[in-house]
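The structure follows.
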There are 2 protein chains.
Amino acid sequence: MSLSNWETKKMGKFTLRYQPYTLEMKHVFTVASFSRNTTPVVLTELEYDGIIGYGEASMPPYLGESQESVVSFLKQVDLGSFNSPFQTEEILSYVDALAKKNTAAKAAVDIALHDLLGKIMNQPFYKIWGLNPDSIPPTSYTIGIDTEEMIRKKVSEAGQFKILKIKLGLATDKMIINTIRSVTDVPLCADVNQGWKNKEEALEMAYWLAEQNVAFLEQPMPKEQIDDNAWLTAHSPIPTIADEGCQRLSDVTKLQGVYTGINIKLMKCTGMREAKRMAELARSLDMKVMLGCMTETSCAISAASQLAPLVDWADLDGALLIGNDIYSGMIVTDGICKLPNRPGIGIIKN
Amino acid sequence: MSLSNWETKKMGKFTLRYQPYTLEMKHVFTVASFSRNTTPVVLTELEYDGIIGYGEASMPPYLGESQESVVSFLKQVDLGSFNSPFQTEEILSYVDALAKKNTAAKAAVDIALHDLLGKIMNQPFYKIWGLNPDSIPPTSYTIGIDTEEMIRKKVSEAGQFKILKIKLGLATDKMIINTIRSVTDVPLCADVNQGWKNKEEALEMAYWLAEQNVAFLEQPMPKEQIDDNAWLTAHSPIPTIADEGCQRLSDVTKLQGVYTGINIKLMKCTGMREAKRMAELARSLDMKVMLGCMTETSCAISAASQLAPLVDWADLDGALLIGNDIYSGMIVTDGICKLPNRPGIGIIKN
């Protein structure tokens, strides 16, 4: 795919460029509700005073955004009335108010703006935020729902990781865990993707998984089953984490008591600025914080990683799952995220 | 007073300097519990790589800190194990853990560190935080408890202000408000400093004050009377704001329902970093935010002002009340705070 076809939009002192791109996944990826082997994204660039910030929107199809909807949203964005990228709060409030939802499209602007600001200040964003990159927890690596043979193959390929994220939510749950436990005793976390419908069965599985050294349960039941999720959280021997049930900052206070913690993803919450507020709010409410991702290039992954020193669990393997990343940024070595000491989100084009 | 007697402390790559200084107040200042005409402060400087950040601790005597306690605290601080001022989170966590309370002493380090960081990044902190300085609410100006004649004199001197803060809490409350209303109809806010003890009388006063165009009540009753403050908040026609009842970030969630909002002061909450978190947390909890100060030089006032675009009410007159400010920074013009476009907290020595 050519990357020379940027749409360019001049807006006063700012220039926005964007281009659809299709990520090719190394393995077919299966979770409780679907399988796929590509992910559509839109890459962005935001230029001000000769400095360019990079951004990205990633649109797994089940979340309702597409390359078309993102491009359509970006066509609406006009930063011409803003004099400076340092009017961050107002710029991002304006972008957020342009339309409901469209959170990945908004994140594509937010990430590019943060990269631009970091480059103007000549510092990585984790430094601007005062965070120590050496305190990022080990990132998990995701094993999708698959056959026994493929699971064994994927786990053996994942030898560097200190924690594996296992997709559950189907009748094959125990088979998958038993298969993994036949080849490794590395800690696991379980992402059920709303796959369990009955709270008593969910609790039984929670106890069984705790015995299998599973650290926590992500979105065990449908997000609409608030009372059931709260009941499970109150009784479960391991923490529960809201993913589908937690999109934005305004959701967090409502989730106190329903889940032990939240999974923050830039594509759900409109980007780095709101993600940081969600992490700090959850901390103030004594909730756990997980930082996740979609299938993304090193652009959005490196953006999220700037925040990773603040969280309990990192799940930042999105760029490792694709074969055609076009940026280099945060790298994973022995399961540990290493942030580049470069300004902004710290990426360069491959 | 000479300002050439800095104590100097080398700590690895950092150098900390500090010096006690006594602020002389233009007017004798009376609130519900005491009168005074000076305020002790300690000025600080934090140097790294040839760049110097300025800080300040201000110690109104009733809060329990003194020049001696601040100097004693600063003697304990050793940043020798930190390689970079960008390890902000860890540096300030270390400083906070050195001793309980001592919040002004901790703020003196926090402010100097933020000023230093802003100078390294060559940007004012309000820009680093992405805030628009044009959206700061008008600052109030404080009229202490006094005779009718002095109150008239002070109000006439305060002609530029769009809102006046009136100290109440004694038997003279209605006399003071009536005196002010005989000379001006500018909006007021009432700071009771825990002066009212009876909730029914407090509610009666709240209704009377609302009719006198008083915008809100600060700390109407003793902070220990939690149920009474909550009852008043539920029944009052105007918002209630916690001041003595709200010190730090960990207090904020507990004050939901007890007060309508909180008054954040750097000297209570250990400085700029925690103050910003408190403002954002209060917002997420749908609480109002006021930003206040002690009697301070333009150093601590300019530090607090960086945050002021985030708040509902600003009360940043502390440097206007003194006759021997040694810095220039944020200035008040026609009752509006104007932030200098200088790096860090934006101050220069006079």
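Sorting B:VAL70, B:VAL183 on the 10 Å Cβ count, fewest up front, what's the list?
Details: B:VAL70 26, B:VAL183 12.
Lowest to highest Cβ neighbour count: B:VAL183, B:VAL70.
Find, among the residues of chain B, the one whose Cβ sits nearest the axis of the rotation taking B to A; state the distance in whole Å.
Closest Cβ to the B-to-A rotation axis, residue and whole-Å distance: B:MET121, 2.
What gaps in nm, shortest first, separate A:MET11 from its twins in the other copies when you place the label 7 Å past Cα toward the beta carbon?
Going from nearest to farthest copy, the values are 4.3 nm.
Where the label is 7 Å out from Cα toward Cβ, how close does B:ALA97 come to the same position in every other copy, in nm, shortest first?
4.3
Kindly write out, for the stretch B:315-328 in residue order, the coupling ³J(HN,Hα) from the Karplus curve 6.51 cos²θ - 1.76 cosθ + 1.60 (θ = phi - 60°), rounded to whole Hz, with x marking Gly and Pro.
9, 10, 9, x, 7, 6, 8, 10, x, 10, 4, 10, 10, 10
Which percent, nearest 5, of DSSP beta bridges in the protein assembly as shown are antiparallel? Walk me through the intermediate numbers first.
Values: 64 of 110 bridges.
About 60 percent, rounded to the nearest 5.
Stokes-Einstein D for the protein assembly as shown at 37 °C, 0.692 mPa s, Kirkwood Rh over Cα pairs, in µm²/s? Don't skip to the answer; put the middle values down first.
Working: Rh = 27.2 Å.
For the chosen part, D equals 121 µm²/s.
Continuing with the same structure: Any idea what the A:ASP227 label distances to the other copies are, label 7 Å down the Cα→Cβ vector, nm, shortest first?
3.1
Mind checking which of B:MET287, B:MET25, B:MET121 has the largest fluctuation in a GNM of chain B, springs on alpha carbons under 10 Å?
B:MET121
When the helix-only estimate is applied to chain A (DSSP H runs of n ≥ 4, each -39,500 (n - 2.57), divided by the residue count), what is the mean residue ellipticity at 222 nm, nearest 500 deg cm²/dmol?
Values: 12 runs with 114 residues, N = 350.
My calculation for chain A gives -9500 deg cm²/dmol from helical runs alone.
Which one of B:ILE326, B:MET287, A:LEU316 has its Cα pushed farthest toward the positive end of the charge dipole of the protein assembly as shown, where Lys and Arg give +1 and Asp and Glu give -1 at the Cβ?
B:ILE326
Here is a further query. If a/c stays under 1.5 just call it rounded; otherwise compare a/b with b/c (prolate if a/b is bigger, oblate if not). Do that for the stretch A:67-175, with a ≥ b ≥ c from the square roots of the Cα gyration tensor eigenvalues.
Working: a/c = 3.68, a/b = 1.76, b/c = 2.09.
Oblate shape, in that a/c is at least 1.5 and b/c is the bigger or equal ratio.
Could you work out the relative contact order of chain B, using alpha carbon pairs under 8 angstrom and six or more residues apart, expressed as a whole percent? Each step should come with its number before you reach the end.
On the way: 793 pairs, mean separation 64.5, N = 350.
Contact order relative to length: 18 percent.
Still on this model: Could you state the number of Å between the C-alpha centres of the stretch A:193-244 and the stretch B:329-350?
Distance between centres, Cα-based: 53 Å.
Would you list B:MET278, A:MET175 from fewest to most Cβ contacts within 10 Å?
Numbers: B:MET278 27, A:MET175 13.
Ascending number of Cβ neighbours within 10 Å: A:MET175, B:MET278.
Give B:LYS9/B:LYS288; B:LYS165/B:LYS276; B:LYS197/B:LYS288; B:LYS127/B:LYS223; B:LYS9/B:LYS100 a once-over and call out the pairs whose C-alpha atoms are over 31 Å from each other. Don't skip to the answer; put the middle values down first.
Numbers: B:LYS9/B:LYS288 40 Å; B:LYS165/B:LYS276 23 Å; B:LYS197/B:LYS288 24 Å; B:LYS127/B:LYS223 35 Å; B:LYS9/B:LYS100 22 Å.
Listed pairs above 31 Å: B:LYS9/B:LYS288; B:LYS127/B:LYS223.
Now, a different point. Taking the alpha-carbon distance from B:LYS13 and a cut-off under 19 Å, which aspartates and glutamates remain once sequence neighbours fewer than 8 residues away in the same chain are dropped?
The reachable aspartates and glutamates, counting only those whose Cα sits under 19 Å from B:LYS13, are B:GLU45, B:GLU47, B:ASP49, B:ASP78, B:GLU89, B:GLU90, B:ASP110, B:ASP115.
How do A:PHE216, B:PHE14 rank when sorted from fewest to most other Cβ atoms within 10 Å of their own Cβ? Please list the in-between numbers first.
Details: A:PHE216 27, B:PHE14 23.
Sorted ascending by nearby Cβ count, the order is B:PHE14, A:PHE216.
To the nearest 20 debye, what is the magnitude of the charge dipole of the stretch A:61-206 about its Cα centre, counting +1 on the Cβ of each Lys and Arg and -1 on the Cβ of each Asp and Glu? Display every interim value, and only then the final one.
Numbers: 16 positive and 19 negative charges, 35 e Å.
Computed about the Cα centre, the dipole is about 160 debye.
Positive end of the dipole of the protein assembly as shown, charges at C-beta (+1 Lys, Arg; -1 Asp, Glu), about the Cα centre: which of B:THR103, A:ALA190, A:ILE136 has its Cα farthest in that direction?
The residue sitting most towards the positive pole is A:ILE136.
In the stretch B:127-349, what percentage of the DSSP-assigned beta bridges are antiparallel, given to the nearest 5?
20 percent
Coordinate-derived values only; no laboratory data. Treat the numbers as computed from the prediction; the structure is a model and nothing was measured. Positions of Cβ are backbone-derived with ideal geometry, glycine not excepted, and every protein chain shown enters the neighbour counts.
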